[in-house]
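Novice: Quick one: the structure is below, and I'll ask about it shortly.
The values are calculated or read from the model by the stated rules, or taken from the named source; none is laboratory data. Keep in mind that what you see is a predicted model, and the values were worked out from it rather than measured. Ideal geometry is used to build each Cβ from the backbone, glycine not excepted, and the neighbour counts take in all protein chains shown. Calculation scope for accessible area: heavy atoms of the full protein, side chains included, ligands and nucleic acids excluded. Shrake-Rupley method; radii C 1.70, N 1.55, O 1.52, S 1.80 Å.
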Number of protein chains: 2
Amino acid sequence: MPHAVVLELIGEKTPLYPAKYAHGLFFALLSRMDPELAQRLHEAPRKPFTLAPLIGRNRALFLRFTTLDDGLFAPFLRVLLEAAPEGLPLGDTPYRLMRVLATPEGHSMAGTCAWAELKKAPRRREATLFFQSPTVFATSKPGGRTRYTPLPDPRLIVGSLLDKWQAHSPYPYPPREEAALRILFELDLELAGFHSLRFHRVQAGKSFFPGFTGEVTLKLHSESLEAQEALGRLSALAFYSGVGAKTPYGMGVARVQPSPRPKARSSHSPASPPSHGFRTALT
Amino acid sequence: MPHAVVLELIGEKTPLYPAKYAHGLFFALLSRMDPELAQRLHEAPRKPFTLAPLIGRNRALFLRFTTLDDGLFAPFLRVLLEAAPEGLPLGDTPYRLMRVLATPEGHSMAGTCAWAELKKAPRRREATLFFQSPTVFATSKPGGRTRYTPLPDPRLIVGSLLDKWQAHSPYPYPPREEAALRILFELDLELAGFHSLRFHRVQAGKSFFPGFTGEVTLKLHSESLEAQEALGRLSALAFYSGVGAKTPYGMGVARVQPSPRPKARSSHSPASPPSHGFRTALT
């Protein structure tokens, strides 16, 4: 079951490289819990988790951890709580774990959603995504060229989400349906608008990467119910999976604007407002 | 020889649809000069001119006209000057032609450059382009789908400029070289950054189109001198040709930042600063 928790940490100083240190802390804890799993995850090309520092007030640091893999979430939380009393090291500074925020009430970037729920996400013809930390797509080319695309290309956005859905969901699309979806997205998904689009260059792991943040609206020009259903699922997945490359290093934090509720008696629908004003410590 | 002139017009009121009215005026003048040419141009899928209203001060309106076709420029200017004393109609309002600004000294968006000069433009590994009016690429798909991409995709930018170079320059690349260039751009041209990127939806002709404005830096990761030479030529062409679709309706006004001069004795090189702050009346 996909989970997103936010750890509230407090320490003597603001960490210099919060994303890098968080990554180190995560693997240190993981090694303590299961050295073999840590090694395997470290080497995996596609990691079933994301880690991003969020900016807090005063000296508080919020560290967001999401996972798509049940085998990872509960044990990780246990070892985290076990290690907490000694202080959690970020770089050379120990941090105190103040709170673990696991629900949207505790923190707008926390929550849980069963795969079966994501699968039942309402169909969409349009999706507005808020890219809260710099997002980039690895668009490598033949001949060993490593190329990156820091642009909200609709095909790259849903392509990345579909990759993640296929890799981690218990309900992957069969190959033929997956291929048909990719073709439909290529033909019929258009960028309907963007707002507050910014370019960034950030450190993620050992290197610097370009990326964009901002609000992006995708529009599907297709009557295909399967494509509309997939757009619903994939945009709901984004909150847990992140989008694009380097999501274990704080990049690609994204969420979709809640879809308008089906018409109810009152027009004042209680849909929660998107918290797209939220900044991550990377930006 | 590519030309860019700016007409300074003055009228009783600010036109409601300056780009549309300018287009109408242009074709009215053209019909007066050569009805057959007007008809031919009107039907041509690829037009050898661009037209864009620029925002002026007070009641002045600046109308920018560029052409890639010598057969069009001089006769058009003649008929414009002949018609001017009666007043030039934009919509239902006659405008007085105050000045024709044909040099960069007169207006930063005016100038002339011989094709042979464009061909000799300095090689570039990097180009910063300022998109001053909303720019969009027609990226239509099979099955009669009309799709538009309002994003500064490096491949679409240089692809559009190469199309224009091939269609209008007396020095087109032979087919095999053209194909090789397109492959190199596809593989080795990357978006190195962007700034002040904004989304717009503007009327151009009968419909509304999405588009972006802003500053975009392209970087060529290739040792190919031919590709670097082409990037130099194409980015110099942008000032005269515009970029992308609907350039006869005010979209795609763009210019490149002058390349840094080869190291001279003084480090205070007199390269003219880019006037990317200039706004068009469309934005």
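Novice: Just name the residue that is most open to solvent (accessible area, probe 1.4 Å) out of those in segment B:202-221 that are of a type outside the set (A, V, I, L, M, F, W, C) and free of Cβ contacts under 8 Å to residues at least 40 places away in the same chain.
Specialist: B:206
Novice: Residues of segment B:144-159 being touching a residue at least 12 places away in the same chain (Cβ under 8 Å) and within 14 Å of chain A (Cβ to nearest Cβ), which ones?
Specialist: B:148, B:149, B:150, B:151, B:152, B:153, B:154, B:155, B:156, B:157
Novice: For segment B:208-263, which positions are within 14 Å of chain A (Cβ to nearest Cβ), farther than 25 Å from residue B:53 by Cβ and among the charged types (D, E, K, R)?
Specialist: Selection gives B:219, B:223.
Novice: Moving on. Taking the residues in segment B:168-185 that are within 14 Å of chain A (Cβ to nearest Cβ) and either assigned to a strand (DSSP E or B) or not basic (Lys, Arg) (or both) as candidates, determine which candidate is least open to solvent (accessible area, probe 1.4 Å).
Specialist: The extreme case among them is B:185.
Novice: With A:81, A:151, A:72 as the choices, which residue is open to solvent by less than 40 Å² (accessible area, probe 1.4 Å) and either assigned to a helix (DSSP H, G or I) or touching a helix residue (DSSP H, G or I) at 6+ places or on another chain (Cβ under 8 Å) (or both)?
Specialist: After ruling out the rest, the residue left standing is A:72.
Novice: In addition: Mind checking which strands (runs of 3 or more DSSP E) fall wholly inside segment A:186-283 and carry at least 1 residues that are out of contact with any Phe, Trp or Tyr (no Cβ under 6 Å at 6 or more places or on another chain) and modelled with pLDDT under 95?
Specialist: In segment A:186-283, the matching strands (runs of 3 or more DSSP E) lie at A:189-204, A:207-220.
Novice: Another question, if that's okay. Checking residue A:162 against (1) in contact (Cβ under 8 Å) with a residue 24 or more places away in the chain; (2) within 14 Å of chain B (Cβ to nearest Cβ), which test does it fail?
Specialist: Residue A:162 satisfies every listed condition except (2).
Novice: State whether the residues of segment B:51-61 include one that is surrounded by fewer than 17 Cβ atoms within 10 Å (Cβ to Cβ), modelled with pLDDT of 85 or more and over 16 Å from residue B:241 (Cα atoms).
Specialist: Within segment B:51-61 (the criterion being surrounded by fewer than 17 Cβ atoms within 10 Å (Cβ to Cβ), modelled with pLDDT of 85 or more and over 16 Å from residue B:241 (Cα atoms)), the answer is no, since none of the residues qualifies.
Novice: Related question: What residue, among those in segment A:119-130 that are in contact with a helix residue (DSSP H, G or I) (Cβ under 7 Å, 6 or more places away or on another chain) and in a strand (DSSP E or B), is surrounded by the fewest Cβ atoms within 10 Å (Cβ to Cβ)?
Specialist: A:127
Novice: Now for a different question. What do you reckon, is residue A:225 aliphatic (A, V, I, L, M), open to solvent by 20 Å² or more (accessible area, probe 1.4 Å) and at negative phi?
Specialist: When the stated conditions are applied, residue A:225 passes them.
Novice: In addition: Just to verify a result, which residue in segment A:3-31, among those that are open to solvent by 20 Å² or more (accessible area, probe 1.4 Å) and assigned to a strand (DSSP E or B), is farthest from residue A:89 (Cα to Cα)?
Specialist: The qualifying residue farthest from residue A:89 (Cα to Cα) is A:3.
Novice: Scan segment B:109-143 for residues that are on the phi > 0 side of the Ramachandran plot and at pLDDT 95 or above and jot them down.
Specialist: B:111
Novice: Do the conditions hold for residue B:147, that is, is it over 30 Å from residue B:259 (Cβ atoms), modelled with pLDDT under 95 and not assigned by TED's automatic domain parsing to the domain that holds residue B:20?
Specialist: Criteria met by residue B:147.
Novice: Scan A:133, A:108 and give me the residue that is more than 14 Å from chain B (Cβ to nearest Cβ), among the polar types (S, T, N, Q), assigned to a loop (DSSP other than H, G, I, E, B) and under 14 Å from the mean Cα position of the chain (by Cα).
Specialist: Answer to the check: A:108.
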